[in-house]
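Heads up: the structure comes next, in structure tokens.
Coordinate-derived values only; no laboratory data. Note that this is a predicted model, so its numbers are computed, not measured. FYI the Cβ positions are ideal-geometry reconstructions off the backbone, even for glycines, and counts take in every protein chain you see.
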Amino acid sequence: MNRIIKLLLAVGPGIFAIGYTVGTGSVTSMAKAGSQFGMQLLWVLALSCLFSWVLMEAAGRYALVTGDTAVHACRRHLPGGKWLAILMVIGVVTGQWCCLSGLVGLSSAALYETVRLFIPSLNGNAYWPVLGIAVAVMAVMYGMLWHGGYSFFEKVLVFFVTILALSFIVSMFIVLPTAGQVARGFVPTIPNVPGAHLMVAAFVGTTMAAPTFVTRPLLLKAKGWTRSNLRQQSLDAFTGAALMFIVSGSVMACAAGALFSRGLQINQVLDMVHTLTPVAGKYAVALFLVGTLSAGLSSVFPICMVAPLLVSDYRKGEFDSRSALFRILAGVACVLGLAVPVLGANPIPAQIATQVSQVFVLPLVIGVFFVLVNKRSLMGEHRAGLLLNACMIVAFFFSLAMSFVAMKGLVEFLR
């Protein structure tokens, strides 16, 4: 365990990519897709992780070569940059805050259901217990945000990411799908059933998460990396994307192996408990739910930071976690995170629908980085080459296609 933690600490800012992407929303989307479609949507996950790697590489290269950050650079160097930067900040923050409440609701419900596995006499009406857990979780998160700096935040995320990765990977091997199912999952198809378009868009929204790319230059700067760390930055980007694929794919495989073959689907948090129960018993289920809880906490933490980080980036291009503005905006996020638990809404459909909101800002973010990494006056000899540019162009058109799919899925969902 100590070796794993040291390795992840050596990777660095890529851990925040896991925090922004492999959260309870991702677990929910992957588990529901696995139970409903088996491994059929694995290709969406693979493409999203591939393009995430490309965009993390572009964002990281720009940051280390210029010493500047994304929003700050957009404001200073692009035509109409001030308004593009404001639109980017609003789009990213809105998408993240929409997801936050569903994350908190799912994490709190998962924790309560885990406890109920071992204490069945607990009340099945979970409203007040789940709300109490949600309030306690957000209070602890805010306390850590109040006192922490970059190094502390990184260590907290390493802890959560290590637990969630081990939990889901071990769980996957308990109910591993066949090699044929996995291979067929790489063939691009969208199931012709209601909700499939929304699920595809949710996959992209939770994996190609815009804040991962927008905040990356700020985090690299806070880490203290410079041009001398260009190779390390590339390794960090690859490792982050690879871990995203492995962990998210493990969740999908768990649900596909345990539920899809028996015609069962996930519609409530309690259904996630059944992901492993028939084949592995309550201790394996507890392992899966601990991973779900860790995924939620690993996402809640950076999401609460995203608004103050981007506002600070816009103003002066610095990572500042000690300012009054940081603490106020983080506090607002923590309060908003209690919406789903307070309303007592079913967090699973709410979470999947809100994940989709993150897709719409992606084309803008990709376009901004494409222009920045191709500016000779800023990048010099490190300007993007043919391969990176080709990958970014494909990623841009993929994001446009997914925005269309997301709109179609939301229309179906609202009907």
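What percent do you get for the relative contact order of region 47-157 when only Cα pairs under 8 Å and 6+ apart count? Write down the numbers at each step before the final one.
Numbers: 35 pairs, mean separation 15.2, N = 111.
Relative contact order, region 47-157: 14 percent.
Packing around the peptides 384-391, 402-409, taken as the average count of other Cβ atoms within 10 Å per residue, puts them in this order, highest first: 402-409, 384-391.
Go ahead and run the numbers for FRET between I246 and F118, Cβ-Cβ distance against an R0 of 22 Å, rounding to 0.05.
The value I calculate is 0.15.
Using the Karplus relation 6.51 cos²θ - 1.76 cosθ + 1.60 with θ = phi - 60°, the per-residue 3J(HN,Hα) values for region 248-254 come to 5, x, 5, 5, 4, 5, 4 Hz, with x marking Gly and Pro.
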